[in-house]
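Before any comments, here is the structure.
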Amino acid sequence: MKGCFTALMTPFKNGAIDYASFEKLIASQIEAGIDGIVPCGTTGESPTLSHQEHNQVVEFTITQVKNNFNGAVKVIAGTGSNATQESLNLSRHAAKCGADGLLVVSPYYNKPSQEGLFHHYKSIIEAVSCEIVIYNIPGRTSVNIDIETFKRLATLKNFNTVKEATGSIDFASKLINAVPTLDVISGNDSLNLPMASIGGVGCISVLSNLFPKEVKNLFSLYNSGHISEATSLHHKLLPLTEALFIETNPVPVKTAAVMMKLLATAEVRLPLVQPSQTVSKRIAAELERLAELK
């Protein structure tokens, strides 16, 4: 699966999901020309959504895209869990609703072995007919998926994409070289351009909640041979990208979204809290610097 996808924020208002803001966010992404959207990922605060809310957000996203935009973009629903059965339930529901693909983060907290990871993903891949995007982010899960495990999984139908978020260009390069049948997409906005340079074919982006056109344009410029322009855009976006991860995602990006009038509130659910004034000021300064891009 190739292209630039936005890891959507889940807007909240007074503790509940703010579907009016969510509808506007989806519309703004599609109108900006993004290739796809990802509800209920890390940026969507999936760990603090109830199962009912999770399913409702996925259904709402798919319905908006199909009914209001004639299926203009792909919907890749986040369906990961540290319990295989729970991930299966979420995955089957999203597939039944018409998701184009599923983003399945590796199990967190319980630290499965490589054999456990293989069977976890095998169970999900074999249970649904839509494409599976495996999300490797050891900084949040505490377990890295080994290249040998990816080789085994790559033999299974419906899996050919990895969201690579180890933060290691070395690992990403080795993975692309070792399993050339896989589409490897960037899961770290600061590494989007470096990933493209080693064979990455897109991204699932936090930054594109704010600057979808620019994130997509970075890849378009690089892929069309305009390397210096892509590099210049990368350097323009990098300070804001860094500011969005000073505190835990999605706290900073929601703060930025309110400043840009993309969301009504920057509300997050505990245990996440609002950013410090220092972080808010830095975000505001970076947005002011980038005002020329809007």
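Data table
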quantity: Any chance residue 268 is in contact (Cβ under 8 Å) with a residue 12 or more places away in the chain, touching a strand residue (DSSP E or B) at 6+ places or on another chain (Cβ under 8 Å) and under 13 Å from residue 9 (Cα atoms); calculated: yes
quantity: The stretch 156-177 - residue that is small (Gly, Ala, Ser) and part of a helix (DSSP H, G or I) and, of those, nearest to residue 78 (Cα to Cα); calculated: 172
quantity: Residue match in the stretch 133-144 (condition: of a type outside the set (S, T, N, Q) and over 30 Å from residue 236 (Cα atoms)); calculated: yes
quantity: Listing of helices (runs of 4 or more DSSP H) fully contained in the stretch 39-155 that carry 2 or more residues being without any contact (Cβ under 8 Å) to a residue 40 or more places away in the chain and closer than 18 Å to residue 187 by Cβ; calculated: 114-127, 138-141, 147-153
quantity: Residue 221 vs. criteria out of contact with any Gly (no Cβ under 8 Å at 6 or more places or on another chain), closer than 18 Å to residue 169 by Cα, aliphatic (A, V, I, L, M) and in a helix (DSSP H, G or I); calculated: no
quantity: Positions within the stretch 5-20 being among the hydroxyl-bearing types (Ser, Thr, Tyr) and either without any contact (Cβ under 8 Å) to a residue 24 or more places away in the chain or in a loop (DSSP other than H, G, I, E, B) (or both), in sequence order; calculated: 10
quantity: Residue in the stretch 1-35 that is surrounded by the most Cβ atoms within 10 Å (Cβ to Cβ), counting only those that are within 20 Å of residue 79 (Cα to Cα) and of a type in the set (D, E, K, R); calculated: 35
quantity: Evaluation of residue 216 against (1) on the phi > 0 side of the Ramachandran plot; (2) surrounded by 15 or more Cβ atoms within 10 Å (Cβ to Cβ) (one fails), failing number; calculated: (1)
quantity: Residue check for residue 228: over 20 Å from the mean Cα position of the chain (by Cα) and either in a helix (DSSP H, G or I) or buried (at least 17 other Cβ atoms within 10 Å of the Cβ) (or both); calculated: yes
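Computed from the coordinates by the stated procedures, all read-outs in this text should not be read as laboratory data. Owing to the predicted nature of the structure, the values given are computational and were not obtained by experimental measurement. All Cβ positions, glycine included, derive from the backbone under ideal geometry; neighbour counts span all protein chains shown.
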